[in-house]
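Student: Below is a structure I'd like to ask you about.
The values are calculated or read from the model by the stated rules, or taken from the named source; none is laboratory data. No experiment lies behind these values; they were computed from the predicted model shown. Methodologically, a virtual Cβ is constructed for each residue, glycine included, from the backbone with ideal geometry; neighbour enumeration extends over all protein chains shown. Only protein heavy atoms, including side chains, enter the accessible area calculation; ligands, DNA and RNA are left aside. Shrake-Rupley method; radii C 1.70, N 1.55, O 1.52, S 1.80 Å.
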Amino acid sequence: MTTEPLFDSAEFRQVCGHFPTGVTAVTATAAGGAVAALTVNSFTSVSLSPAKVLFCVATASSSFKVLVAADRIAIHILGQDQEDIARRFATSGLSGAEKLSGVSWAPGPDGVPLLPGTPAILAGVRDDVITSGDHVIVLVDVDHVHLKPTKVPALSFYRGRFVAPTGPTQ
């Protein structure tokens, strides 16, 4: 049974913004060479065996059609010094190819764009897409990982702003 909420979407977004999240850049390739590039903060690991991750994307996203048809997907964990990539990939109205223009990248397995300057990359095959409300949950079977040793903290998002984590508490 679904009831009518006692709040609006702006208030819901503000409340959810009180939970800090990591920031990732997702790239994908689909048959015919179409590419997607977008910023995602709804990323999490799902399973260690098999290695599986998920992220969520709005069905209204300009990257939506490519992502749900994608053969390969890469999730790049961004460093604090990569806010420019996060902002570029979050720009609405640009195609994936336009978002990748001017950004350093190289083709990875099966042509998926990989951003070599990011602290960590997980790449794999799109497993499933689950519709939930105005978003979809995209599950990825990971078959490629890359970890770049770095002291640069991960880029985070908190209360509507990009931030750097403050580090562990004592």
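Student: Count charges around Val112 for me, please; just the other residues with Cβ under 10 Å from its Cβ, Lys/Arg as +1, Asp/Glu as -1. Present the calculation step by step, with values, prior to reporting the outcome.
Tutor: Working: positive: Arg72; negative: Asp71, Asp110.
For residues surrounding Val112, the net value is -1.
Student: How much net charge surrounds Val66 when only other residues with a Cβ under 15 Å from its Cβ are counted (Lys, Arg +1; Asp, Glu -1)?
Tutor: Working: positive: Lys65, Arg72, Lys99, Arg126; negative: Asp71, Glu98, Asp110.
Residues close to Val66 contribute a combined charge of +1.
Student: So what is the calculated 222 nm ellipticity per residue for the chain, using -39500 (n - 2.57) for each DSSP H run with n of 4 or more, over all residues, to the nearest 500 deg cm²/dmol?
Tutor: Working: 4 runs with 26 residues, N = 170.
That comes out to -3500 deg cm²/dmol.
Student: Another question about this same structure. If you roll a 1.4 angstrom probe over the protein chains with everything in place, what fraction of the accessible area of the chain belongs to carbon and sulfur, to the nearest %?
Tutor: Numbers: 5740 of 10020 Å².
Whole-percent figure for carbon plus sulfur exposure: 57.
Student: Which whole-number value in Å² is the accessible area per residue of the range 1-108, probe 1.4 Å?
Tutor: In whole numbers, the range 1-108 has 57 Å² accessible per residue.
Student: Now for a different question. Quick check on packing: order 147-153, 19-25 by the mean number of other C-beta atoms within 10 Å, highest mean leading. List each step's numbers first, then the result.
Tutor: Numbers: 147-153: 11.1, 19-25: 18.7.
Top to bottom by mean Cβ count within 10 Å: 19-25, 147-153.
Student: Provide the descending list of Cα extents for the range 30-170 along its principal axes, expressed in whole angstroms.
Tutor: 47, 36, 33
Student: Another question about this same structure. Go from 0 up to the bin containing the longest alpha carbon distance in the range 51-113, width 5 Å each, and give me the % of pairs per bin.
Tutor: Pair shares across the bins are 3, 13, 25, 30, 21, 7, 1.
Student: Net charge within 10 Å of Val140 by Cβ-Cβ distance, Lys/Arg positive one each and Asp/Glu negative one each, not counting Val140 itself? Mind dumping the intermediate values first?
Tutor: Details: positive: Lys52, Arg72, Arg126; negative: Asp127, Asp128, Asp141, Asp143.
Surrounding charge for Val140 is -1.
Student: Next up: Could you name the lysines whose alpha carbon sits less than 25 Å from that of Lys65, not counting residues in the same chain fewer than 8 places away?
Tutor: Lys52, Lys99
Student: List, largest first, the extents of the alpha carbons of the range 2-46 along their principal axes, each in whole Å.
Tutor: 45, 24, 22
Student: Cα extents of the range 104-169 along the three principal axes, largest first, in whole Å?
Tutor: Result, largest extent first: 36, 33, 23 Å.
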